[in-house]
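Single-structure report; data block below.
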Amino acid sequence: MKPDVLVISAPQDRHLAMLEQSYTLHRHDLADAAGKDAMLDEVGPRILAIATSGHAPLTAAMIDKMPALQMVSCVSAGYDTIDVAALTARGIPLTNTSDALADDVADTAMMLTMAARRGLIGAHAYVASGDWARKGMYPLQSSLRGKRLGIAGMGRIAQAIIPRAEASGMEVAYFSRREKPDVGRPFQPDLVALAAWADVLIVIVAGGAGTKNLVGAEVLQALGPEGTLVNVSRGTVVDETALIAALRSGALGHAALDVFWNEPEADPALTSLPNVTLYPHHASGTRETRAAMAQLMVDNLAAHFAGKPLLTRVN
Ligand code: 8YV
């Protein structure tokens, strides 16, 4: 008998086929709203594990309908749509995939930093429009060497950003819920003070209620007219109204954003302001990394049912 697994968010075909081989899958992802409820009422008591992503809700009410649930394997790094407290209360482990995507997300954070500080988007338009031939040299930009990078968050991805930024000659300090002595870089417990110190602030904290609007007007003012905000975490972490106001007034120099409040339709102010660089929530969006994330999701389920330690446990 194959164990019953609820698929709330399906991986790519190749990895879905791996799941199909080992488990009896219940495709919650394919059902409409009424069908989703009916499915949980019907098969909930049999479900032993869940395959999902951090973009699909897994609420306490849903968890209650699965009394035999043993573990949840999440294909993404973020899990802000998952009620971790409800899982933890029942001793149900959750796994995620930060280990698989850390390098690509760190690369993207640096790509956005460089694109913003070197004016890549404007420069492309300058060449393509013929302005270069008409107006001459593109305005001089800002080098990274000797600049200060503040990192908000110090998890697996932030730790992959540090060597990349230092290779470009940046000085690094960080803000986090608590100091991580192993990181060996200055810890700043006050985010406004970190922003005031920094030329570039990269945001890579977990999303969810605990970090909603963490980067507000005060942080943006402190970062200042020459400062760059880079967000590769969740749109909700930045107060977008305050961000747009700061970008419009020039109180903040530039924002380079992989994530927004209203994905996939970014606020029109963000798409029209010249001091904004946008990326479509695609920091982990490479063939290699998406395959590695899906594999890690499959491997965590396999480890659980083989009675082995989970590879990347969250709670
Ligand atoms: C992707 C992410 O958007 O892992 C995360 O938390 O936000 C990104 O890697 C996502 O995983 C795609 O499903």
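The values are calculated or read from the model by the stated rules, or taken from the named source; none is laboratory data. The structure displayed is predicted, hence computed values, not measured ones. Note: ideal-geometry Cβ built from the backbone for every residue, glycine included; neighbour counts use all protein chains shown.
Quick rundown of the values:
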quantity	calculated
Some residue of the stretch 6-13 being touching a Leu at 6+ places or on another chain (Cβ under 7 Å) and charged (D, E, K, R)	no
Filter pass, LEU311 being among the aliphatic types (A, V, I, L, M), at pLDDT 95 or above and under 18 Å from ALA102 (Cβ atoms)	yes
Residues of the stretch 233-261 that turn out to be over 19 Å from the mean Cα position of the chain (by Cα) and among the charged types (D, E, K, R), as a count	1
Condition check for ASN300: buried (at least 18 other Cβ atoms within 10 Å of the Cβ) and either closer than 17 Å to LEU112 by Cβ or not hydroxyl-bearing (Ser, Thr, Tyr) (or both)	yes
Residue match in the stretch 300-315 (condition: assigned to a helix (DSSP H, G or I), hydrophobic (A, V, I, L, M, F, W, C) and closer than 20 Å to ILE121 by Cα)	no
Flag for ALA246 being farther than 30 Å from ASP13 by Cβ and at pLDDT 95 or above	yes
Answer residue from the stretch 286-304, given it is farther than 19 Å from SER22 by Cβ and polar (S, T, N, Q) and is farthest from the ligand (Cβ to nearest atom) among those	THR286
Members of the stretch 7-27 that are more than 16 Å from ARG290 (Cβ to Cβ) and under 24 Å from the mean Cα position of the chain (by Cα)	VAL7, ILE8
Yes/no for ARG117 being assigned by TED's automatic domain parsing to the domain that holds HIS254 and touching a strand residue (DSSP E or B) at 6+ places or on another chain (Cβ under 7 Å)	yes
Exclusive hit being of a type in the set (Gly, Ala, Ser), on the phi < 0 side of the Ramachandran plot, at pLDDT 95 or above and away from the ligand (no atom under 16 Å from the Cβ), set ALA255, ALA283	ALA255
Hits in the stretch 95-107 (condition: more than 10 Å from the ligand (Cβ to nearest atom) and touching a Ser or Thr at 6+ places or on another chain (Cβ under 8 Å))	THR95, ASP99, ASP103
